[in-house]
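Asks: Take this structure, written in structure tokens, and hold onto it; I'll ask about it next.
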Amino acid sequence: MELLEKAIQERGTIIGDTIVKVDSFLNHELDTSLLYEIGKEFQQQFRHKRVTKIVTIEAGGIAPALMAGLAFNVPVVYAKKQKSLTMKGDVYCESVYSFTKQVYSDVTISKDRLSSEDHVLIVDDFLANGEAAAGLISILKQAGAEVAGIGIVIEKSFQNGRKRLEELGMEVVSLARIARIGEARIEFLKS
Ligand code: 5GP
């Protein structure tokens, strides 16, 4: 998605060798018109699939998921992250390792929010090693829901998330795919 690649190139910054910071439009301040286009693009890309719900993980996934939900006219559910759980009975739960924070947290969705009738599009802001998405897939499996696909705003294709998710049989669509980050430059995969 050209508009998104331009925003990453012009407004993103690089931290170390692997982290892209996009606080100016996606992870802190939210560029509403860009996010609106992102939502519509997810809808276009997954229009061949039946989607009854969007599922994401707090906090970075919420804004793009909301816009995708608007474009599909379906509800959005975001999984919550907690350090550790005392009561697990009424929630689906999976332990997920955070690439940016380097800690494990329990990711939960209340059992009321999912059903075995749901066809779910998973949406997240970034794909690195696929931990967050794999955790959500596990939660959806616990609920007996169908995974319609995975929509990612920014994929770092030099990490192994896509491979991991494709090995789970998932269709992964990323709106921007970063091939490499080098010497303060971001290079995209040609689509
Ligand atoms: P994964 O779970 O695929 O290893 O990593 C994806 C998750 O980690 C996303 O939910 C996102 O919040 C965070 N993340 C991974 N890489 C980056 C990055 O380069 N920049 C930002 N802002 N978040 C990232």
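Just so it is clear, none of the values below were taken in a lab; they were calculated from the coordinates. For clarity, every value in this text was computed on a predicted model and none was experimentally measured. FYI the Cβ positions are ideal-geometry reconstructions off the backbone, even for glycines, and counts take in every protein chain you see.
Asks: Based solely on its DSSP helices, what 222 nm [θ] is calculated for the chain when runs of n ≥ 4 H residues each add -39,500 (n - 2.57) and the sum is averaged over all residues, nearest 500 deg cm²/dmol? Before the final figure, lay out each step's value.
Replies: Values: 5 runs with 55 residues, N = 191.
-8500 deg cm²/dmol, from helical runs alone.
Asks: Taking Cα centroids, how far is the range 9-50 from the range 131-173 in Å?
Replies: A separation of 17 Å, based on Cα centres.
Asks: Using a Gaussian network for the chain with springs between C-alpha atoms less than 10 Å apart, which of these wobbles most: LEU136, LEU35, LEU168?
Replies: LEU168
Asks: Next question, about the same structure. What residues from the range 40-62 fall in the zone where the backbone N is under 20 Å from a label point 7 Å along the Cα-to-C-beta line of LEU70?
Replies: From the range 40-62, the list is 40-47, 51-62.
Asks: Excluding residues fewer than 8 places away in the same chain, name every one of the aspartates and glutamates whose C-alpha is closer than 12 Å to that of LYS6.
Replies: Within reach: GLU187.
Asks: Counting only C-alpha contacts under 8 Å and six or more residues apart, can you give the relative contact order of the range 2-188 as a whole percent?
Replies: Once normalised by length, the contact order is 18 percent.
Asks: To continue, here is another question. Using the Cβ atoms and a cut-off under 11 Å, what net charge is assigned to the surroundings of ILE178, where Lys and Arg are +1 and Asp and Glu are -1?
Replies: Numbers: positive: LYS156, ARG177, ARG180, ARG185; negative: GLU5, GLU155, GLU187.
Surrounding charge for ILE178 is +1.
Asks: Next question. With only Lys, Arg, Asp and Glu charged, each at its Cβ (+1 for the first two, -1 for the last two), find how big the charge dipole of the range 1-120 is about the Cα centre; round to the nearest 20 debye.
Replies: The dipole of the range 1-120 has a size of about 340 debye.
Asks: Would you mind checking the radius of gyration and Dmax of the range 2-188 based on alpha-carbon positions, in Å?
Replies: 15.7, 49
Asks: Do any of LYS21/LYS81; LYS80/LYS190; LYS49/LYS156 go past 32 Å between their Cα atoms, and which?
Replies: LYS80/LYS190
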